[in-house]
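Take a look at the structure set out below.
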Amino acid sequence: MLLALSLVIAACGDDAADDTTTTTAGVTTTDGATDTTEDMATTTTGAQPVDTCEATVAFMGPITGEVAFIGQVQLNWFNYALDTWNEETGYDLQMVEADTQFDVAQSATLAQSLLDNADVLAAVGPAGSDQVDAAGAVFEAGDPNFTFISPSSTRVGITAQYQGMFRTVPTDDIQGPQTAQFLIDQGAQTVFIVDDQSSYSTGLVDAVQPELEAADVEVITDSVSQDVTDFSALVGTIPDETDFVYLPWQVAANGQIFANQMTEQGKEAVIFGSDGMDSGDFTAPGSYVATFAPDISAVEGSEDLLAGYLEQYEDTNTFGPPVYAAARVIFEAIDRVCQTGATPDRANVQAEVQNTDQADSILGSPISFNEDGDLAEGRFFIFQIQEDGSKVILP
Amino acid sequence: MSNIGVDSWVAESGERDRRYTGWGGPARRLLDRIPSGWKLLAFLVVVGIYPFFASPSGVRIGITALLLAMLAIGLNVVVGWAGMLDLGYIAFYGFGAYFYAVVSSDQIGVMWPTWVSVPVIVAASALLGALLSLPSRRLVGDYLAIMTLFFAQIFLELIVNFQRLPGVSVDLTGGPNGVIGVRPWELFGFSFNTFNRNFYLLLVLLGVIVVLLRNIDGSRTGRAWRALREDTLAAAHMTTPVNNLKMLAFAVGAGVAGLTGTILGPVQVGVFPNNFQLLFLITMYAAVILGGLGSIPGVVLGALVVAFTPEILRNPNAAGWLFYLGLVGLLIAMLRKPAQIAAVAVGLVAFGYLVRFASLAVWGEVILGMPNDAFLSTLVDDWMLILGPARDVASNYAFVLAIAGVLGVIVTKGWWRLALLIPTVYLSIFVWENKLALKPSITRQLLFGGVLVVMMAVRPQGLLGTRRVQIT
Amino acid sequence: MEFFLQQTVNGLTLGSVYALLALGYSMVYGVLKFLNFAHGEVYMFGAFAGYGVLTVLGGAAGLSIPIWLALTLMFLAAIVVSSGIGVALERFAYRPLRNASRLAALISAIGASFFLQAAALLLFTANSRSYEAPTLIAIETGLTMGPINVWAVRVLVIVTAVVLMVLLTWWVRSSRVGKAVRAVSFDTEAAAMMGIDVDKVIVATFLIGSALAGVGGVMVGLVFGRVFHFMGFIAGLKAFTAAVVGGIGSIPGAMLGGLLIGFAESYTTAYISSTFQNLIVFGLLIAFLLVRPSGILGRPELVKV
C-alpha cells in the first residue's frame, strides 16, 4: 500500500519538479500574482489548498564558533531559499535553526531535539562528517524516516550508514581521482600535500595520494592545524622542484595566507585547492580550484538567484549554494506530498526526497539521489584563477 | 583597598556566615539541619523522576548535565579540595572515552566485556593521573596549570595524529574521524542501550561517587587536602605527606574523569577529538566555580546550570522572555522606589513614541520593516521602531551605544542614572527587536557570556560556595 | 644557510607578535595575580579597528592617503579601541571581583571573552577580513639580507615590536606610573600604604597592556592577513603560554617567552614536522619547565611564613 502510494506521489512529483515555479496548487489568486498553469490540471484531484499544508524544516550548522563563516553563509542561503520558496508558492513553511558550533556533542543533542519537535519534518545539515556521524546515530535510532541532507559532508560511504541521510555535494571518491588525474595531466612530477587535520581534509588526501603515487608522482605530505594562521615556516619546507601544492582545506582565507607566503619566499609551485578553497577569500592568480558546481554566477537561472541573494546578504562562498539546493529538494518534496492531498509527515517526505528528479538546479547540474542518498551524478569542475581574480573553467 | 581591621574581620567571618542575615536566612538555617544523606537522597529522587516528564531530548540534555556533573565532582577534588589548578583534566576524560571506545567497537576488532573494561579504564586513568602529578612536586600555581594544559594539548594532538606517528601501523584512534559504533555498557546480561538507561546509570554512578568522596572529604585525607590548599608549606611542616596527597588527588580526579569517559562513547555512539577541545574544559571549570569551589552540592548545581542555561537560551522564545523579564527585574531591583519605577516606565513609553513619530516624520514609512512574530515582540511592535532597509547598520550602532549605556548606568548615580536609564532601556529593546531576536544562536552565546560575568560579580564564591577568607 | 635565515625571520615575526600579546597577560598578572582570559578578544577588536580604518580610507587597493599615514591611523584606531575595551573590562568585569578568589575572576574573564566574541560576530559577521597587505606594500619591497629578501611588512612588525618593548621597559623602570606598577605588583598593600592609588595603577596597566594587544592585532592583520572573530582565542592561548614560560609577571620574561615559542614553532616545522609541531613544542616546554619551574625570568614564589 505504502509502495503504491509512493509510486503515485513519484509520478506526480516528476511533473511538478520540472518547473518549480508552477507548483502552486490551490493558491487563491486574488491578486493575480500567482499563476496556476495547466501543469496543475495533471496533479491529483482533490489537492489540498496549500495553506493547510504546514511544515517546519530545520537548519543545522556551525552558526557560531570557530568556523562560523561556514554556518553563517549556509544559514543565509537557507533563509533565502525559504523566503523565495514561500513567496513563489504561497506556502508558509517555517524554519528552526540549530547551532552545532561544529561540535559533535551539540550535534547529537540537537538532532534529538529536532526529532522531538513533531513539526520538524526534515533538516538541512549538519556540515562536517563527524557532526553527521554524531547526529546520524541519533536520527537512525530515533526515527530513520527523518530526512537530513548535508550540504557539505563529503566522506565516502557515510550516507549508506543512515537511512535518512542525503547530500547535495559529490563525494571524495569523485573529487579525489579527478584532482589526481588533472595533476597528472598537467605533468606533475612532485606534489606537496598539506592537510588541515580535519576529517574533510584527510578524507581527500586519502583519495588523492594513492592515485598520484600509482602514476609515479612523488608525493610529499605534511599537515597543519586549522587553527594556525602563519604558514611561513611550513612554506619554507616546500622543495624547489615541487610542481603543485595540493591544499584540501576548508578555510579559504588560510589558503590565501599560504599563497602570499609562498610568493614572499619565492616558491614557484602552483596551488591546487579543493572545493573548500572555492571562495572569494582565495584569489591567488594562477592557482587551480576544484569545485562541485560550475561557477554559478555564469549558469543561466542561477545568476538571478545569486543576484537576489547578494541583494539581501553580504557574502557568499562555496558552502552556500548546496544549502539552497538541499532546502529546495525538501521543499519540493513537501509540495509533492501536499499535491497528493496527503498531510506531509517524515516518512512521506523522505520517500519524496528519494524520488527527487530535478533536471536542473542552482548548481547547474541535475539532482537525483541513488539508493544510499548520494547524488546520482556528481562531477567536479576545475577553475583557474586569473590575474584579475576571475575564474576560468577548464574543460 | 584599605585593609585596616582585616584581621578581626577574618576572625569573625565564620560567625558572620552562620548568622545568615537577609531574606534567605531562616530557610538556610532549616536546610542546614537536614542531614546530608537525606539531601542526597532527595536530589536523586527528584532527578530520578525527571525522565518521566522530559522529552527524549530533555533526557539527552539531562545526560549531558550528569556527565558534566560527574566531571565537575572529579575536578573539584583536584581544584576545590587540594587547590591545584589542573588544566589537563580533560585529557583523562578523553583517555577514558577513547580507551572504552577502542575496546568496545570494531575499530581494532577487540571487544572487552564491560566488567573488565571499566575497572581497567578507571585504574589506568588514575595511574595516568598519578603520573601527571609528578611534575607538581616541582611546579606550583600557574606553572603547574600551564604544564597540565600542555599535557591536554599533547593528548589531543596524539589522538588526531596517532596513525601518522612513525612506526604506527594500526589506526587506533581514527584520527579526525574519531571512533564510531561504540557499544553500550552491558552488565549481567543487561544492556544500557537507551538514553533512559544511561541516564539512570549515570545517576547511580553519581550517587556512589558523591558518597565515596564525601567520606574521603570527612576523613584524614580530606582534611589534609584542605591543609595543602590553604598552606602547603605549613602542611609540610606538620609532617603531612604533601607529594603523596597531591598524587592521590590527581589520581582520584582522573579516575572519576576516566569513568565518566566510558559513558560518553555509548550515549554518542562514538567519540571524536572534537569532544575534548579546550572549550569543554572551560565549561567544566565554569560549572565548578559557578557552583561553588569545594562544595559537592555546589558543583553539581553548577553543572546543571551550565548545561541547561545554553539549552534554554536556544529557544528564541525563551530567550525573549528571559530578556524582557530580566530587563523588568533589573529595573525594579535597581530603582526600588515605586515612584521612580513609574516615572521610568512612563518616560520610556513616551520616549519610544517620540522617537517613533520623529523618525517617521523625517524619513517616512519606508524605513519600517517586518516585526518579529514572537508573542512579546508583538506587544511592542507599534511602539518600537522596527527597521526595514537600514536594520543591520542602525542596530550595529545601537548595539554599541546600548552597551555603553548599560555600563554608564552602572557607574552613574542619582538623577544622571535615571536620565541615562530611559534611552539605554529603549536602545536595548531596539537592539533586541532589530538584531538579537533575529540571530538566536549568536545571542545565546552573548547572553551566556553576560550571565557568567554577572553571576560572578553577584556571588564571587559561587552559588553554594562558602566565602573563603584569605589573609595575604 | 638561506633556509635557516628564512626560518629565523619567520620565527622572529611570529615571536614578536606573541611577545606583544604576552606582555598584556604578564602585566595584568603582575598587578592582579590572575589571567585576563579576555585579552585575546581585546587583540581581535584591535585587528578589526585597523581593518575598519583601512576600509574607510578606501581599502588596500584604493588608498586615498599616503601609506605611512594610513598605517599610523590604523595603529592609533586599534590602540584606542583596544585600550577602551581593556579598561572597560577591568572596571566592569574584574573590579567587582578584586577581593574574590582568582578563579572567580577567571570565570568572569571567560564570560567576558564569550560576550566579546559573540559581539564581534554580531557586528562584523563571521567572514574573514583581509588587510590585503601585499597590495598595500608589494611583497618585493623590503630588506635584502644575504640570500633572502625580507618583506617590508615583516620588518615593520619586528621593528615596531622591538621599539615598543624598549619603550615599555623604560616606562616600567623609570617613569612614575611605571614604578608604581612595579610597586603594586610586588606588594599591593604596602604600595597602597605608601600612598599609591592602586585603582589608577591597575587601570594604567590595563590601558598599556590592551594598547599593546591592539598594536599586535594590526600587525597580525598586516603580516598574516586573516582577521576574524575567533582569532583571539588561539592567539591568546599561545600568548598566555609565552607569558608563563617567560616567567609570569615578568615583563622581559614575556618578551623572551614569546620569542622562544615563535622560534620553537618555526624551527620545529622547518626541521622536523609541521604535523607534530604542537606535540614537539609542548613537549619541549614541559621539559623546560621541569628544569626551570618558574619560567625563564620568573621569581620563585616567595613564601611568607
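From the list A:D222, A:D281, A:D227, the lone residue that is within 14 Å of chain C (Cβ to nearest Cβ), of a type in the set (D, E, K, R), part of a strand (DSSP E or B) and touching a Phe, Trp or Tyr at 6+ places or on another chain (Cβ under 9 Å) is A:D222. For the range A:95-119, the candidate set comprises residues that are over 23 Å from B:I63 (Cα atoms) and within 21 Å of the chain's Cα centre (by Cα); within that set, the residue that is farthest from the other protein chains (Cβ to nearest Cβ) is A:M95. Identify the residue in the range A:184-196 that is buried (at least 22 other Cβ atoms within 10 Å of the Cβ) and not in a strand (DSSP E or B) and, among all such residues, is nearest to the other protein chains (Cβ to nearest Cβ). Checking each candidate, the answer is A:D196.
Could you tell me whether A:G276 is surrounded by 23 or more Cβ atoms within 10 Å (Cβ to Cβ), farther than 30 Å from C:M145 by Cα and among the small types (G, A, S)? Yes.
The requirement of being assigned to a helix (DSSP H, G or I) and within 14 Å of chain B (Cβ to nearest Cβ) is not satisfied by C:G50.
Of all residues in the range C:117-158, exactly one satisfies the criterion of being on the phi > 0 side of the Ramachandran plot and within 7 Å of another protein chain (Cβ to nearest Cβ), namely C:T125. Looking across the range A:264-286 at every residue that is aliphatic (A, V, I, L, M) and free of Cβ contacts under 8 Å to residues at least 60 places away in the same chain, the one that is farthest from A:D360 (Cα to Cα) is identified as A:V270. Can you pull out every residue in the range B:223-275 that is of a type in the set (V, I, T) and in contact (Cβ under 8 Å) with a residue 12 or more places away in the chain? Of everything in the range B:223-275, those that are of a type in the set (V, I, T) and in contact (Cβ under 8 Å) with a residue 12 or more places away in the chain turn out to be B:T232, B:T240, B:V242, B:V252, B:V256, B:T260, B:T262, B:I263, B:V267, B:V269, B:V271.
Tell me yes or no: at least one residue of the range B:387-406 is assigned to a helix (DSSP H, G or I), away from chain C (no Cβ under 11 Å), within 29 Å of the chain's Cα centre (by Cα) and surrounded by fewer than 21 Cβ atoms within 10 Å (Cβ to Cβ). Yes, the conditions are met somewhere in the range B:387-406. All of (1) under 27 Å from A:S113 (Cα atoms); (2) away from chain A (no Cβ under 14 Å) hold for B:V271 with one exception: (2). Of all residues in the range C:282-293, those that are facing chain B (nearest Cβ under 7 Å) have Cβ atoms under 8 Å from Cβ atoms of residues that are among the polar types (S, T, N, Q) and not in a loop (DSSP other than H, G, I, E, B), 6 or more apart or on another chain, in C:F282/B:Q153; C:L285/C:T241. Note on the range B:225-279: residues that are in contact with a helix residue (DSSP H, G or I) (Cβ under 7 Å, 6 or more places away or on another chain), among the hydroxyl-bearing types (S, T, Y) and at positive phi total 0. Just to be sure, is A:V124 surrounded by 24 or more Cβ atoms within 10 Å (Cβ to Cβ) and more than 12 Å from chain B (Cβ to nearest Cβ)? Yes.
One line per residue, one yes/no per condition, for (1) assigned to a loop (DSSP other than H, G, I, E, B); (2) within 14 Å of chain A (Cβ to nearest Cβ); (3) crowded, with 21+ Cβ neighbours inside 10 Å; (4) at pLDDT 90 or above:
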| position | (1), (2), (3), (4) |
| --- | --- |
| B:Y285 | no, no, yes, yes |
| B:L301 | no, no, yes, yes |
| B:V305 | no, no, no, yes |
| B:W321 | no, no, no, no |
| B:L331 | no, no, no, no |
| B:G352 | no, no, no, yes |
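Total residues in the range B:105-160 satisfying the condition of being touching a residue at least 24 places away in the same chain (Cβ under 8 Å), in a loop (DSSP other than H, G, I, E, B) and more than 14 Å from chain C (Cβ to nearest Cβ): the figure is 5. Residues in the range A:127-163 that are assigned to a loop (DSSP other than H, G, I, E, B), crowded, with 24+ Cβ neighbours inside 10 Å and either modelled with pLDDT of 90 or more or away from every other protein chain (no Cβ under 11 Å) (or both): A:A127, A:F146, A:P151, A:S152, A:S153, A:T154.
Considering the range B:407-435, and only residues there that are within 12 Å of another protein chain (Cβ to nearest Cβ) and under 23 Å from B:A339 (Cβ atoms), the residue that is surrounded by the fewest Cβ atoms within 10 Å (Cβ to Cβ) turns out to be B:I410. Residues in the range C:116-148 that are in contact with a helix residue (DSSP H, G or I) (Cβ under 8 Å, 6 or more places away or on another chain), in a strand (DSSP E or B) and farther than 30 Å from B:S428 by Cβ: C:G142, C:L143, C:M145, C:I148. Quick check on C:V28: is it crowded, with 24+ Cβ neighbours inside 10 Å, away from chain A (no Cβ under 14 Å) and modelled with pLDDT under 90? Yes; evaluated as a whole, the condition is true for this residue.
The residues of the range B:366-386 that are touching a residue at least 24 places away in the same chain (Cβ under 8 Å) and part of a helix (DSSP H, G or I), listed by number, are B:F375, B:L376, B:S377, B:V380. For the range C:235-256, check the following and say yes or no: at least one residue is at the interface with chain A (Cβ under 10 Å from one of its Cβ atoms) and either of a type in the set (D, E) or surrounded by fewer than 20 Cβ atoms within 10 Å (Cβ to Cβ) (or both). Yes, there is a match, as at least one residue in the range C:235-256 is at the interface with chain A (Cβ under 10 Å from one of its Cβ atoms) and either of a type in the set (D, E) or surrounded by fewer than 20 Cβ atoms within 10 Å (Cβ to Cβ) (or both). Under the condition of being touching a residue at least 24 places away in the same chain (Cβ under 8 Å) and surrounded by 22 or more Cβ atoms within 10 Å (Cβ to Cβ), which residue from the range C:91-105 is farthest from the other protein chains (Cβ to nearest Cβ)? The extreme case among them is C:Y94. Once the range C:257-281 is narrowed to residues that are within 14 Å of chain A (Cβ to nearest Cβ) and of a type in the set (G, A, S), the residue that is surrounded by the fewest Cβ atoms within 10 Å (Cβ to Cβ) is C:S273.
Here B:V182 fulfils each of the conditions (1) within 11 Å of another protein chain (Cβ to nearest Cβ); (2) in contact with a Phe, Trp or Tyr (Cβ under 9 Å, 6 or more places away or on another chain); (3) more than 15 Å from B:G270 (Cα to Cα) apart from (3). Restricting attention to the range B:95-120 and to residues that are farther than 20 Å from B:M247 by Cα and small (G, A, S), the residue that is surrounded by the fewest Cβ atoms within 10 Å (Cβ to Cβ) turns out to be B:G109. Of all positions in the range C:186-209, none carries a residue that is within 14 Å of chain A (Cβ to nearest Cβ) and within 30 Å of C:F288 (Cβ to Cβ). Between C:L76, C:L57, C:L71, C:L63, the distinction of being over 30 Å from B:V288 (Cβ atoms), within 18 Å of the chain's Cα centre (by Cα), more than 9 Å from every other protein chain (Cβ to nearest Cβ) and surrounded by fewer than 22 Cβ atoms within 10 Å (Cβ to Cβ) belongs to C:L76 only. For the range A:56-67, what are the residues that are crowded, with 24+ Cβ neighbours inside 10 Å and modelled with pLDDT of 90 or more? The answer is A:V57, A:A58, A:F59, A:M60, A:G61, A:P62, A:I63.
The values are calculated or read from the model by the stated rules, or taken from the named source; none is laboratory data. This is a predicted model, so every value here is computed, not measured. Don't worry about glycine lacking a Cβ; one is built from the backbone with ideal geometry, like all the others, and counts go over all protein chains shown.
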